[in-house]
């Protein structure tokens, strides 16, 4: 999947976290992406398939998700993928675009939404 989605979605993703940080996924163009999941079962399956040791599956609060996204961008990870598996992901998100929208909405007094 190569298109970067910037349209609004109602998403409260699950993440896999470990001491090393959030789980990531390598795209076909060799970019590294934050791995996000629509449900806990998909996250746990990914952890099992990728043999991620000591990872914790959780659904972060919106503010913690924004913090995780910002941490990824600071670490040169600028995309996130939804429901990745060994071959593909359902959707790609542009993290700097999402963070800009969040920042603009918060400055305008709007609630934190996706």
Picked from the stretch 55-69 (must be in a helix (DSSP H, G or I) and in contact with a strand residue (DSSP E or B) (Cβ under 8 Å, 6 or more places away or on another chain)), the residue surrounded by the fewest Cβ atoms within 10 Å (Cβ to Cβ) is 68
Scanning the stretch 58-74 for residues that are farther than 16 Å from residue 11 by Cα and touching a residue at least 24 places away in the same chain (Cβ under 8 Å) gives 70, 71, 72, 73
Within the stretch 28-54, the residues that are crowded, with 17+ Cβ neighbours inside 10 Å and within 19 Å of residue 97 (Cβ to Cβ) are 33, 34, 35, 36
Those residues of the stretch 70-105 that are out of contact with any strand residue (DSSP E or B) (no Cβ under 8 Å at 6 or more places or on another chain) and under 15 Å from residue 37 (Cβ atoms) come to a total of 3
Among (1) at pLDDT 95 or above; (2) touching a helix residue (DSSP H, G or I) at 6+ places or on another chain (Cβ under 7 Å), residue 45 falls short only on (2)
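The values are calculated or read from the model by the stated rules, or taken from the named source; none is laboratory data. Just so it is clear, the structure is predicted and the values come from calculations on it, not from any experiment. Neighbour counts run over all protein chains shown; Cβ positions are idealised from the backbone, glycine included.
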